[in-house]
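The next block holds one structure in the form of structure tokens; read it before the comments.
The values are calculated or read from the model by the stated rules, or taken from the named source; none is laboratory data. The shown structure was predicted, so the numbers you read here are calculated from the model rather than taken from an experiment. Quick reminder, even Gly has a Cβ in these numbers, built from the backbone with ideal geometry, and neighbours come from all protein chains shown. The accessibility values were calculated without ligands, DNA or RNA, using every heavy atom of the protein model including side chains. Shrake-Rupley method; radii C 1.70, N 1.55, O 1.52, S 1.80 Å.
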Amino acid sequence: MSTFVFLIVAIFIIGYACIALEAFTKVNKAAVALLMCVLCWTVYCLIPGHDLTTLPEGLGETAETLFFLMGAMTIVEIVDANGGFNFVRDTMKTRSKRKLLWRVAFMTFFLSAILDNLTTSIVMIMVLRKLIQDNHERIIYASLVIIAANSGGAFSPIGDVTTIMLWIKGMVSTGGVISELFIPSLVSIVVPTFLLSLTLKGKFDKAQNLKVAEVSIFTKHQRQVVFCFGVGGLIFVPIFKTVTHLPPYMGILLVLGLLWTITEVFNRQYEESDPMAKRVTQLLTRIDMSTILFFLGILMAVLCLKQVGVLNAMGDGLNVAFNGNPYLITGIIGVLSSIVDNVPLVAACMNMYDVVPDTIYAVDGSFWQLLAYCAGVGGSMLIIGSAAGVVVMGLEKITFGWYMKKISWIVFVGYVAGIVVYWLEKALIFTA
């Protein structure tokens, strides 16, 4: 049996390495994750007395996360395709370099909490291209977008994939993660923004005139309706879960169905001129299915590691090595998330430890909240440490070396400052 377990671990490590080195291997990480998943479970079937009852159960839990992500991605596509984010461009307009830096920071931070950090990063880069023509200046602001998007996603139950996973599994609650992680997450972006602002002064050479492109055939009023129902619906999902106790994916499907219906009604008057313009059936083709399949493969592979007892052994080992200190354990996980993808790291931690009432592993316990913060914010330390970083790196051609030299230390200072603030929060609550 130990031979088979060793083989499963070896397959996972090799697959994980290929995923981390995607930029060099040029093989899509979704393909590697699917192969890794199937090979791990195939080897597991060779173990005498194996139990496959957990496979369909695990698939059902994974599907909840995937349906939630697919629904949220579609909603954002609908809002974006119909000009719902035009207000962002108007709000950002300024000639002052420092003012623009702070506006970028806060706009990205709060948008990421409502949308997801990946989509927010893309939207903000498109805005920056309208505001700043010089590429050397723009990459400073683009780097801040990465930091703010990951920090904003950390305190919201729907802002980052890892936080979504913890929220859906019931390890953190909406109120708990927002109330206790908002200030640490805010600190983790305010500190880097302040440090970056010291390197900027003066104004841009000329006024940056924003030309708002009419990307939709909808009227201004119709675009506002689409935005309100789309973004407002995303905010409503946690409330819907709290009131009805239905799984989060049911709330996201409710919002998607409502928004889809509204856009279909609006589109009826334009059918003759452009029968498929911005219709949801067309926008569905834009959903990044490779990302969805990547999550499917990696989460199911991690489930196999749990099934053979590897993750429980790792959890016990970490507790012994660090005396169960959640700050050290999650702090190290945060640093690791800047090197490798944070999704499998968080998935592994979720399977290492169980929810235990009246401990640091209770619902909204310090371990789970620190895990959400560290995995999200820590991914900004290297430009390849998060999906937002990888996308911005490709869009703005930011080099790994430049980011590591100019930005990484700034992120680390903010990361540590946020952890200290969280510790102070807990200390004050405990003494109170």
| Which whole-Hz couplings ³J(HN,Hα) result when phi for each residue of the range 119-134 is put into the Karplus expression 6.51 cos²θ - 1.76 cosθ + 1.60, θ = phi - 60°, listed in order with x for Gly and Pro? | 4, 4, 4, 5, 4, 5, 5, 4, 5, 4, 5, 7, 9, 10, 7, 6
| task | Give the cysteines in the chain for which no other Cys Cβ lies under 4.7 Å away, or write none if there are none. | result | Cys18, Cys37, Cys45, Cys228, Cys349, Cys374
| Tell me, what HN-Hα J-couplings in whole Hz come from the Karplus equation 6.51 cos²θ - 1.76 cosθ + 1.60 at θ = phi - 60° for each residue of the range 65-80, using x for Gly and Pro? | 5, 5, 5, 4, 5, 4, x, 5, 4, 5, 4, 5, 4, 4, 4, 5
| message | Need the list of lysines near Lys241 for cross-linking: C-alpha distance under 16 angstrom, and skip anything on the same chain fewer than eight residues off. | response | Lys169
| What accessible area, in Å² to the nearest ten, does a 1.4 Å probe give for Thr261? | 80
| task | Report the relative contact order of the range 325-373, percent, no decimals, based on alpha-carbon pairs under 8 angstrom and at least 6 residues apart. | result | 42
| query | Can you pull the percent of Cα pairs in the range 370-413 with separation above 12 Å? | reply | 58
| Ordered by residue, what ³J(HN,Hα) values in Hz, to whole numbers, does the range 254-259 give under the Karplus form 6.51 cos²θ - 1.76 cosθ + 1.60, where θ = phi - 60° and Gly and Pro are x? | 4, 5, 4, x, 5, 5
| query | Considering the zone a paramagnetic label at Trp409 would reach in this model (a point 7 Å from Cα along the Cα-to-Cβ line), which residues of the range 377-401 have amide N under 16 Å from it? | reply | 381-382, 401
| For Met352, what is the net charge nearby, where nearby means another residue's Cβ is under 10 Å from its Cβ and Lys, Arg count +1, Asp, Glu -1? | -1
| Which lysines have a Cα less than 17 Å from the Cα of Lys203, not counting those fewer than 8 places away in the same chain? | Lys93, Lys97, Lys99, Lys130
| query | Is it possible to state the helix-based mean residue ellipticity at 222 nm for the chain, with each DSSP H run of 4+ residues giving -39500 (n - 2.57), the sum divided by total residues, to the nearest 500 deg cm²/dmol? What is it? | reply | -24000 deg cm²/dmol
| field | List Thr244, Thr54, ordered by accessible area with a 1.4 Å probe, largest first | value | Thr244, Thr54
| field | Distance between modelled label sites at Ser179 and Val363, nm, 7 Å Cα→Cβ extension | value | 1.3
| request: Treating cross-link reach as a plain straight distance, find the aspartates and glutamates whose alpha-carbon is under 13 Å from the alpha-carbon of Lys201, omitting any fewer than eight places away in the same chain. | output: Glu137
| note | Here the gain from full extension of Arg268 to Phe400, 0.36 nm per residue of separation minus their alpha-carbon distance, amounts to 42.7 nm
| To the nearest Å, what is the center-to-center distance of the range 164-187 and the range 89-148, using C-alpha atoms only? | 24
| Debye equation applied to the C-alpha atoms of the range 275-432, log10 I(q)/I(0) at 0.10 Å⁻¹ | -0.48
